Protein chains: 2
Amino acid sequence: MKIAVLGTGTVGETIGSKLVELGHSIMMGSRIATNEKAKTFVTKHNGKANAGTFSDAAAFGEIIFNCTSGVGTLDALKLAGENNLNGKIIIDISNPLDFSKGMPPSLSIVNTNSLGEEIQKTFPATKVVKALNTMWCGLMVNPGLINGGDHNTFIAGNDPDAKLKVKEILKSFGWIEKNILDLGDITKARGLEMYLPLWLSIYGATSNGAFNIKLVK
Amino acid sequence: MKIAVLGTGTVGETIGSKLVELGHSIMMGSRIATNEKAKTFVTKHNGKANAGTFSDAAAFGEIIFNCTSGVGTLDALKLAGENNLNGKIIIDISNPLDFSKGMPPSLSIVNTNSLGEEIQKTFPATKVVKALNTMWCGLMVNPGLINGGDHNTFIAGNDPDAKLKVKEILKSFGWIEKNILDLGDITKARGLEMYLPLWLSIYGATSNGAFNIKLVK
């Protein structure tokens with residue numbers, strides 16, 4: 001499948017590499033087409049990945065992975081261009097963490113709104129699915145790293161078919177179907193994003209980011 | 001030990017009953033001394049529990065359990081009286097959930113502040129420990145109900161000795177020591193309270209409140 005990965009940070013690099021490994025055609029999107037990290041990524045995955053502007057990547061991809069930093073996501077998607085995004089699934093794995101006032105970060109959108117919802121409202125003809133934002137990126141694409149892969153991930157979005165497609169992608173990443181919990185519509189992104197301060201506290205208390213939560217009942 | 005349980009809802013009743021069962025002397029505190037639920041509680045635990053105003057209960061207790069609804073907590077503690085609270089541990093298990101604008105509730109204090117912190121700031125001579133607010137009250141006092149008791153609870157507060165005492169109480173409730181994670185100072189109440197929207201979403205998606213999270217690594 002042709003997939004756009006917007007954002008060239010560690011998360012974008014991790015997701016992009018996994019997608020290449022799975023045989024997908026990738027275009028990394030960034031603010032400028034000459035982004036150094038994107039060039040390194042393309043060289044590393046010679047022939048299986050390309051790079052361009054947010055707009056180039058969004059035009060290329062049948063599915064869009066949003067791996068930009070949350071506070072820059074809406075600007076990045078505007079640069080990607082509504083026409084290049086319309087009708088497509090946006091898998092939003094970002095968190096609206098604002099580090100501008102020091103640590104710990106606060107959330108720039110919170111409580112009665114979320115970044116996932118804001119993307120959906122700003123680009124109403126896209127199908128936004130919030131996913132994977134609740135863990136370190138190494139686990140997103142390799143859940144088997146811990147506990148034999150037996151822990152949880154969540155999805156939220158308004159379009160049932162889009163969520164089914166995202167579920168298939170998550171399964172291709174190694175997620176066990178029973179551990180992918182569909183929380184409902186895109187308003188459920190609120191809880192998924194507001195979990196981040198607890199994630200950061202647990203990380204701070206344990207000095208280990210390679211953890212996740214498993215629901216027990 | 002003499003313990004005040006502020007709040008006569010399901011949470012207060014559950015915590016109070018467990019404390020009586022463990023041999024503690026309990027006073028339930030409520031806005032009015034003639035509160036019907038408190039009277040029922042006292043009758044049920046004949047001779048081992050008492051009831052009074054928030055102020056009566058706070059004066060009685062060596063330790064205070066805050067089981068009031070989060071949006072009413074600060075008012076309840078003001079009625080309890082600073083002089084009756086000073087020097088004491090307040091175990092804050094409440095969540096500042098605001099249902100006044102319908103479902104889902106929002107948080108009345110959030111992001112760069114939390115109810116736990118606000119209690120600590122309002123009553124600086126108390127020792128606030130946030131605990132147990134991340135689950136259904138049935139599990140708070142009976143973690144063995146699910147997964148053989150192997151799942152996590154968190155504490156946060158500024159006073160190390162107070163946290164040690166709360167840890168002992170949690171262990172007496174059935175919590176396994178390794179599963180009680182100290183997240184740090186009272187600012188970590190932010191993450192614990194901001195987890196609630198995710199808790200509510202999971203509850204909504206599974207129709208089962210008797211769940212908790214287990215950290216896996």
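Quick note: the coordinates plus some simple rules give every number you see, no bench work behind them. Just so it is clear, the model here is predicted, and its values are computed rather than measured. Note that each Cβ is placed from the backbone with ideal geometry, even for glycine, and that neighbours are counted across all protein chains shown.
Annotations
- For the range A:47-68 and the range A:132-176, distance of Cα centres in Å: 21
- In order through the range B:22-36: 3J(HN,Hα) via Karplus (6.51 cos²θ - 1.76 cosθ + 1.60), integer Hz, x for Gly, Pro: 7, x, 7, 8, 10, 10, 7, x, 8, 4, 10, 5, 9, 3, 5
- In the range A:55-100, chymotrypsin sites (Phe, Trp or Tyr not before Pro) in a DSSP loop with at most 15 other beta-carbon atoms within 10 Å: A:99
- Cβ-vector label at 7 Å, residue B:102, separations to other copies in nm: 4.1
- Under 5 Å, built H, 5+ apart or other chain: amide partners of residue B:92: B:66, B:129, B:130, B:131
- Shortest-first nm distances, residue B:161 label point to equivalent points in other copies (7 Å, Cα→Cβ): 6.6
- Eligible aspartates and glutamates near residue A:88 by straight Cα distance, threshold 13 Å, same-chain separation 8 or greater: A:62, A:159, A:161
- With the helix formula -39500 (n - 2.57) applied to DSSP H stretches of n ≥ 4, chain A reaches a computed 222 nm mean residue ellipticity of -10500 deg cm²/dmol.
- Cβ crowding within 10 Å, taken as a proxy for footprinting-reagent exposure, orders B:103, B:135, A:194 from fewest neighbours to most as B:103, B:135, A:194.
- For the protein assembly as shown, taking Cα atoms only, Rg and Dmax work out to 23.9, 79 Å respectively.
- Restricting the range B:56-130 to trypsin sites (Lys or Arg not before Pro) that sit in a DSSP loop and have at most 10 other Cβ atoms within 10 Å of their own Cβ leaves B:101.
- Anisotropy class of the range B:138-217 from Cα gyration tensor, a/c 1.5 cut: oblate
- Cα shape, the range B:76-129, gyration tensor, a/c 1.5 rule: prolate
- Listed residue pairs exceeding 31 Å between alpha carbons, taken from A:188/B:214; A:48/A:101; B:127/B:178: A:48/A:101
- Divided by 2.2 N^0.38 Å, where N counts the residues, the Cα radius of gyration of chain A comes to 0.95.
- Nitroxide proxy distance, nm - points 7 Å out along Cα→Cβ at residue B:22 and residue B:100: 3.4
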